[in-house]
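The block underneath contains the structure these notes are about, expressed in structure tokens.
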Amino acid sequence: MAIVTNARAGLKAAERATILQLRNPSATVAALEVQALELVASSPLPVVVSSRCDVVLAAGAAGVNLPEHDISVAAARSLLGDRLVGRSVHSLDGALEAEAAGADFVIFGPVWSSPTHPSSAPLGVAALAEIAHRLRIPVLAIGGVTVERIDECHAAGAAGYAAISLFA
């Protein structure tokens, strides 16, 4: 999953990704909607929007990824129906809770140190492996993922990975 801030970056990342997440917390809702509309209309890949169910619906996106302290998975599901609902988590308890609430996937991390979240301590590959083996839904690794670490993510049981700088 490529995490991008705008449609142009998403289209560039689409060449190497399997899904796109539009995430730009500094953008206004209106600006995010414009980028989501453009990306959904032109991307060959499914697009999820970070945190904004309203933008998902307005743009016709494939779903939403919710930060851990955002609205509940159940609330997002009631708004979005069968669209994808993911949850970013930072612990086994958070992952289990997201799965029990009906999330379609979780993004777990940071697995390694990450330049985009320098104050977050890395949780490690062992924690990724435990979560990946305990959940029935896909687990994506995030945080410090590099080309050299992709195989390690898969070996730990992750279904894949999400990244910002890897796709920049």
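Values quoted throughout were computed directly from the atomic coordinates according to the rules given, and no laboratory measurement underlies them. Every value quoted in this text rests on a predicted model; they were computed, and no experiment measured them. Every residue, glycine as well, gets a Cβ built from its backbone with ideal geometry; the counts of neighbours run over all protein chains shown.
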* **Loop-located trypsin sites (Lys or Arg not before Pro) in segment 4-33 whose Cβ has at most 14 other Cβ within 10 Å (DSSP)** => 16
* Asked: What are the GluC sites (Glu not before Pro) within segment 12-60 that DSSP puts in a loop, where the Cβ has at most 15 other Cβ atoms within 10 Å?
  -> 15
* **Nitroxide proxy distance, nm - points 7 Å out along Cα→Cβ at residue 134 and residue 96** => 0.5
* **the chain: most fluctuating residue of 52, 77, 134 per GNM, C-alpha cutoff 10 Å** => 134
* Give the distance, in whole Å, between the Cα centre of segment 1-69 and the Cα centre of segment 112-168. => 20
* **Residue with peak Gaussian network fluctuation, the chain [Cα springs, cutoff 10 Å], from 142, 107, 150** => 150
* To do: Could you give me the radius of gyration and the Dmax of the chain, taking only the C-alpha atoms into account and expressing both in angstrom?
  => 14.8, 41
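Over segment 85-157, calculate the relative contact order: mean separation of alpha carbon pairs under 8 Å at least 6 apart, over the residue count, as a percent.
32
At most 15 other Cβ atoms within 10 Å and a DSSP loop assignment: could you name the GluC sites (Glu not before Pro) in segment 83-143 that fit?
Answer in residue order: no site qualifies.
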* Asked: How large is the dipole of the chain about the Cα centre if only Lys and Arg carry +1 and Asp and Glu carry -1, each at its Cβ, rounded to the nearest 20 debye?
  -> 240
* Which value at 222 nm does the chain reach when only helices count, each DSSP H run of 4 or more adding -39,500 (n - 2.57), with the total divided by all residues and rounded to the nearest 500 deg cm²/dmol? -> -10500 deg cm²/dmol
* Asked: For segment 1-83, with equal point scatterers placed on the C-alpha atoms only and solvent neglected, what are the log10 I(q)/I(0) values from the Debye formula at q = 0.13, 0.18, 0.25 1/Å, to two decimals?
  -> -0.34, -0.65, -1.21
* Using the Kyte-Doolittle scale, find the helices of the chain whose mean hydropathy is at least 0.5 and whose Cα atoms extend 18 Å or more along the helix's long axis, counting only whole DSSP H runs. => 29-42
